[in-house]
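Visitor: The following block contains the structure, expressed as structure tokens.
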Amino acid sequence: RIRHYKWEVKYEYKSPDCYEKLAITINGRSPGPTILAQQGDTIIVEVKNSLMLENLAIHWHGIRQIGTPGMDGTEGVSQCPILPGDTFKYEFKVDRPGTYLYHAHYGMQREAGLYGSIRVSLPDGETEPFAYDYDRSIILNDWYHKSTYEQATGLSSIPFVFVGEPQSLLIQGRGKFNCSSTPSAPGVCNASNPECSPYVMTVIPGKTYRLRVSSLTALSALSFQIEGHNMTVVEADGHYVEPFVVDNLFIYSGETYSVLIKADQDPSRNYWMTTNVVSREPSTTNGLAILNYYPNHPRRSPPTAPPAGPMWNDAASRLAQSQAIKARQGFISTPPATSNKTIVFLNTQNLVNGYTRWAVNNVSFTLPNTPYLVAEKYNLRHVYNQSPPPTGYDFENYNIYSVPANTNASLSDGIYRLEFNTTVDIILQNAVTMGGTTSETHPWHLHGHDFWVLGYGTGKFDINEDPKKYNLVNPIMKNTVPVHPYGWTAFRFKADNPGVWLFHCHIEAHFHMGMGLVFQEGIEKVGNLPSSIMGCGESKGLGNP
Ligand SMILES: O=C1O[C@H]([C@@H](O)CO)C(O)=C1O
């Protein structure tokens, strides 16, 4: 079946947290419309860029784009940007059931509000391995009052101006900025604007709900909790999880989960759902939504204080929850027993010509102005650096806890070319930031693939000992995975999807500051590319119309 959508993307004044600012909407909405489809469907989205002064690209997060690498929606990697006034047709198949996302992938546009959910159901006659009565989706987000331009300019300036902590946390596009606090910029703030009344999820007492919870934060790692209700985790990034029960769900930008909730509490009242910042010392008020027990009034505030959530600096609980996520019995995809190649990626904060940047193995990523996919396919070898970036660092001598004497890194737009169909292990190694006192959580997202999560640990990865502890029995498959502060994360994937794929920190500011890299595999197997993805840089006039 074909699911056809027509979207118009534009700027509009919105007050998602009561404070009015320009937001990017799809057909007037932020979050945008949910894409509902069934496994095997073809999705066609005709996107009209009505931003007037700004380019655009939309990425289908978690959809692997098998056979359609030009439809990944990643500006600079899979396509040229959609110019103002132009309409671009995305066309791709959703080949797996589960919970996915879409969002802007041009500059830092995602955090201006261009995002939404994709929900893919099973083929007719098949059922999930867990029971529920109703299905609901929410996206968690953080929200800034400064424009993406101001933020990006600060990040690319000397002196460096960081984006700072967000002004609000949004649950399904709704938050509450305290209008009487000193506003971050003069503007209209109206606490009784209906746009910023809390999101309400109405439940019928006794019923079980599948709640799909995703995060598309620009910066924040979050915890999500529902007052008086525990949650059974059953899905992560489109894969069934061996069920486990939590009081709070830790969720990192780019991740999706399904949890089951039973409406089995005192039905005479409502309950709070809250989200709070973890891993960074928060200065943002917790996000609030209401779990409304029918037939209570949906706007009636619960009589109790909203749950505060776990302590922001309880790193051990976050690591433990990451480690608890395993593939569900009966649905295990067993990884290859060994890999052909191991690449260690040391994550560091650096200086490049005095600018604050992030780097992987001391290389800070920049995008070329000809998309890699087109350049690789047409052999335009001169449009970016041809020397491959480093596949490791001197880990015997590197101290992840101390700032190196020389913090300088270099810029490169070089790429990693993987041999087609080989199995690759990636070790993400975290380290201290340049301030010397903290290490951050970085959610890494891989385009075009799901990978097996082999393990997480704290401290420096031990190349001899730690691989012996890999979970090769029931590893969960994901497309986004955190590397915890001063920790490491190991995963395995097959380079079996012909194309060019971005791998990057899902924190908007960090990717802008160079925290990403590109893999190419099987380019010779990529069929004709649509000319619609070309037109910029040296891709002008190439391709078949
Ligand atoms: O990239 C970042 O820069 C700041 C800080 O490290 C320097 O100001 C911060 O918290 C980041 O995540």
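Visitor: Between Y401 and N385, what is 0.36 nm times their sequence separation minus the Cα-Cα distance? Round to one decimal in nm.
Guide: Using 0.36 nm per residue and subtracting the Cα-Cα distance, I get 2.6 nm.
Visitor: Between the stretch 138-184 and the stretch 322-374, what is the separation of their alpha carbon centroids in Å?
Guide: With the stretch 138-184 and the stretch 322-374 each reduced to a Cα centre, they are spaced 26 Å.
Visitor: With charges set only on the Cβ (+1 for Lys and Arg, -1 for Asp and Glu), what does the dipole of the chain come to about its Cα centre, in debye to the nearest 20?
Guide: It comes to approximately 660 debye.
Visitor: Of all the C-alpha pairs in the stretch 37-178, what % are more than 17 Å from each other?
Guide: I get 68 percent for the Cα pairs in the stretch 37-178 exceeding 17 Å.
Visitor: What is the distance in Å between the Cα centroid of the stretch 494-545 and that of the stretch 254-318?
Guide: Here the answer is 38 Å between Cα centres.
Visitor: Once Lys and Arg get +1 and Asp and Glu get -1 on their Cβ, which of G436, V120, I58 lies farthest toward the positive end of the dipole of the chain?
Guide: Final value for the positive-end residue is V120.
Visitor: So if R0 is 56 Å, what FRET efficiency would T338 and A191 give, r being the distance between their Cβ atoms, rounded to the nearest 0.05?
Guide: Computed FRET efficiency for T338 and A191 comes out at 0.45.
Visitor: Before rounding to the nearest 500, sum -39500 (n - 2.57) across all DSSP H runs of length at least 4 in the chain and divide by the residue total; then give [θ] at 222 nm in deg cm²/dmol. Provide the component values of the computation, followed by the final result.
Guide: On the way: 4 runs with 29 residues, N = 545.
About -1500 deg cm²/dmol.
Visitor: Quick one: which of 229-241, 126-138 comes out on top by average Cβ neighbours within 10 Å, and what's the full order, highest first? Mind dumping the intermediate values first?
Guide: Values: 229-241: 21.5, 126-138: 14.4.
Packing order, densest peptide first, comes out as 229-241, 126-138.
Visitor: If you stretched the chain out fully between E12 and Y294, how much longer would it get, using 0.36 nm times the residue separation minus the C-alpha to C-alpha distance?
Guide: Length difference between fully extended and current span is 98.1 nm.
Visitor: Which of the lysines could a cross-linker bridge to K176, judged by Cα under 26 Å and excluding same-chain residues fewer than eight apart?
Guide: Within reach: K10, K14, K21, K146.
Visitor: Also, I was wondering about something else. Place the peptides 272-278, 459-465, 39-45 in order of packing, highest mean first, counting for every residue the other Cβ atoms within 10 Å and averaging per peptide.
Guide: Ranked from most to least packed, the peptides come out as 272-278, 39-45, 459-465.
Visitor: How long are the three semi-axes of the equivalent ellipsoid of the chain, in whole Å, if each is the root of 5 times an eigenvalue of the C-alpha gyration tensor, listed from largest down?
Guide: Semi-axis lengths for the chain are 33, 27, 26 Å.
Visitor: Å³ per residue of the Cα convex hull, for the stretch 289-443?
Guide: Spelled out: Cα convex hull of the stretch 289-443, divided by residues, is 270 Å³.
Visitor: Still on this structure, I have one more. Could you give me the radius of gyration and the Dmax of the stretch 116-202, taking only the C-alpha atoms into account and expressing both in angstrom?
Guide: Answer for the stretch 116-202, Rg first and Dmax second: 19.1, 60 Å.
Visitor: Just grab the label-to-label distance for L53 and K525, each label 7 Å out from Cα along the Cβ direction, in nm (one decimal).
Guide: Distance between the two pseudo-spin positions: 4.6 nm.
Visitor: Let me ask something additional. What whole number of Å gives the distance from the Cα centroid of the stretch 378-401 to the Cα centroid of the stretch 26-103?
Guide: The two parts, judged by their Cα centres, are 30 Å apart.
Visitor: Calculate, in nm to one decimal, what V245 and N27 gain on full extension: separation in residues at 0.36 nm each, minus their alpha carbon distance. Kindly include the intermediate steps, with their values, before the conclusion.
Guide: Working: separation 218, 0.36 × 218 = 78.48 nm, distance 3.77 nm.
Length gained, V245 through N27: 74.7 nm.
Visitor: Something else about it: So for the pair I2, T458, with labels modelled 7 Å out along Cα→Cβ, what separation do we get in nm?
Guide: Between I2 and T458, the label points sit 5.5 nm apart.
Visitor: Going toward the positive end of the dipole of the chain, with +1 on Lys and Arg Cβ and -1 on Asp and Glu Cβ, which of I415, A327, V344 do you reach last?
Guide: A327
Visitor: Taking the Kirkwood radius as the inverse of the mean 1/r across Cα pairs, report the Rg/Rh of the stretch 249-376.
Guide: Radius of gyration relative to Kirkwood radius: 1.10.
Rule-based calculations on the coordinates, nothing more; no lab input. Note that the structure is a prediction, hence the values are computed from the model and not measured. FYI the Cβ positions are ideal-geometry reconstructions off the backbone, even for glycines, and counts take in every protein chain you see.
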